[in-house]
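The values are calculated or read from the model by the stated rules, or taken from the named source; none is laboratory data. All values reported here derive from a predicted model rather than from experimental measurement. Cβ atoms come from the backbone with ideal geometry, glycine included; neighbour counts cover every protein chain shown. Note: accessible area is taken over every heavy atom of the protein model, side chains too, but ligands, DNA and RNA are not part of it. Shrake-Rupley method; radii C 1.70, N 1.55, O 1.52, S 1.80 Å.
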Amino acid sequence: MAASFPLQKLRHVTLVIRLTFKYNRLMESDNRFMSELIRIVNGALRLDVDKVRNYTSFLADKLEAGGDATTAERLRKVLRESDNGLRPVDARMSRALPVDSESRFPLLERIKLPSQNEPALLLGQSEWDVVNEFVSVARSTAALDSEDLDGALSLLMYGPPGTGKSRLARHIAAELGLDLYVCRLDGMISSYLGSTSKNIRAVFEFAARTPCVLFLDEFDAIAKLRADGQELGELKRVVNSFLQNLDTLGRQSIVLAATNHEALLDAAVWRRFTYRLAFDYPNLERRRQMWSDLIGLSDLSGHHLDLIADLSEGFTGSDIREVWVRVRRRARSERTPIELKNVFPVVLNLALGGEGNPRYASTLNGQEHFELIRSLRQRDSKLYSLASIADLLGISKATVHRITKQTDDENG
């Protein structure tokens, strides 16, 4: 016995060393596991069964994705064994979405995350710096739990419609590996006194117990200036309710908000968002990149890209995608190749009624050929050469030259 004791002791020491080494490697490679454990314990202490189940399921998914399928299955087995028969076996299905108490209309909608086939999101370097910092902090939620920080991690996006705010919300959720839930304001705002505040509380309670990114789109509908004399007292109480719920949400939660009318937001709302990001119409360089990403290996040349990038001044990324969808549909239905002359009229058509934005292409609508040619030549005679204008209009270069000469003669 005496001889075997040192060997047994050595085995124990070796086992402890191996387990310690394995634990340290796990923590160094992905500190987010500790974050989920903290949330599970927090839910248990608060007797929040849904939070415990949701985050346990989420932890199992992350462990499996990290290569530890055995531990993941053990966690799922615990969830199955704890099922009382009133819940589905898959804990992820227990995330019942909150609904309006009167209409039973859902208050949240789960949004599909971007696929690999979607064009890349184009932002400037300063915008990417903000996004990357936000994502980096969100991934370090375990550290945040131990620091003296208040409120949820939040990002406010503002700017014209169609400039990429919703796409960025999907990008952030995908980067964090979290589900994205968008708040449905058609269900949130109730005609019944006090019900809107109850709906807001239900949405934030769901976000507190569920691993997700909460996205408040068209945010100005519930966060307007409380000093606005046109608004009813009920809507002013809604702003107060939102602020109170955001303050108590907890720093483990992630909230994104987007508005096209930032001037309508209450000053107190601005102070609640630790990160803010302005969106604007894409410049020439970014528009060209958007066109290039969409068109890919088509029949359009690099010079053609320069032309439509210039013509689409004042267009948003959403507008550019809409032009390309229409052009491709027409080419497929008519079984014809995609040519610049097919893109140009769609750009002109979509430029009409652009929310008051002075789009360049809209100034060309309704002009006769000689007026249009003159406008293009005056804008940039080098870019809009006679050959380029011929490609745009689908006419011969000789015809363009004749019209140009006729215009010059009339002006002379």
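From a point 7 Å beyond the Cα of residue 128 in the direction of its Cβ, which residues of region 301-338 have a backbone N at a distance under 16 Å?
So the set is empty, nothing qualifies.
Distance between Cα centroids, region 165-186 to region 252-267: provide it in whole Å.
If we compute the Cα centre of each part, the gap is 14 Å.
From the phi angles alone, apply the Karplus equation (6.51, -1.76, 1.60; θ = phi - 60°) to region 373-381 and give each ³J(HN,Hα) in whole Hz, x where the residue is Gly or Pro.
Coupling constants for region 373-381: 4, 5, 4, 5, 5, 5, 5, 6, 5 Hz.
How much length would be gained if the chain were fully extended between residue 280 and residue 293, taking 0.36 nm per residue of separation minus their Cα-Cα distance, in nm to one decimal?
Details: separation 13, 0.36 × 13 = 4.68 nm, distance 1.94 nm.
Taking residue 280 through residue 293 to full extension adds about 2.7 nm, to one decimal.
For the full complex of protein chains and a 1.4 angstrom probe, list 196, 363, 336 by accessible area with the highest value first. Please report the intermediate quantities before stating the final value.
Details: 196 5, 363 80, 336 55 Å².
Largest to smallest exposure gives the sequence 363, 336, 196.
At residue 352 and residue 121, where each label point lies 7 Å from the Cα along Cα→Cβ, what is the point-to-point distance in nanometres?
3.4 nm
Non-local amide H neighbours of residue 99 (under 5 Å, H modeled in plane, Pro and chain starts lacking H): which ones?
107
Beyond 29 Å between alpha-carbons counts as too far, so tell me which of 112/198; 165/382; 62/112; 77/165; 112/236 fall in that bin. The partial results should precede the final answer.
Values: 112/198 27 Å; 165/382 35 Å; 62/112 19 Å; 77/165 40 Å; 112/236 33 Å.
Result: 165/382; 77/165; 112/236 exceed 29 Å.
If I stretch the segment between residue 102 and residue 70 completely, what's the gain in nm (0.36 nm per residue apart, minus their alpha carbon distance), one decimal?
Values: separation 32, 0.36 × 32 = 11.52 nm, distance 4.48 nm.
Stretched out fully, the residue 102 to residue 70 stretch lengthens by 7.0 nm.
Under 5 Å between amide H atoms, partner at least 5 residues away or on a different chain: which partners does residue 153 have, H built in plane at 1.01 Å?
Amide H to amide H, under 5 Å and 5 or more residues apart or across chains, residue 153 pairs with 253, 255.
Along region 128-134, what does the Karplus equation 6.51 cos²θ - 1.76 cosθ + 1.60 (θ = phi - 60°) give for ³J(HN,Hα), rounded to whole Hz, x for Gly and Pro?
Values, residue by residue: 4, 4, 5, 4, 5, 5, 4 Hz.
Once phi is turned into θ = phi - 60°, what whole-Hz ³J(HN,Hα) does the Karplus curve with 6.51, -1.76 and 1.60 give for every residue of region 258-269, x standing for Gly and Pro?
Result, ordered by residue: 9, 8, 9, 9, 5, 5, 7, 6, 5, 4, 5, 5 Hz.
Once you place label points 7 Å from the Cα toward the Cβ at residue 136 and residue 322, how far apart are they in nm?
Inter-label distance under the simple model: 3.7 nm.
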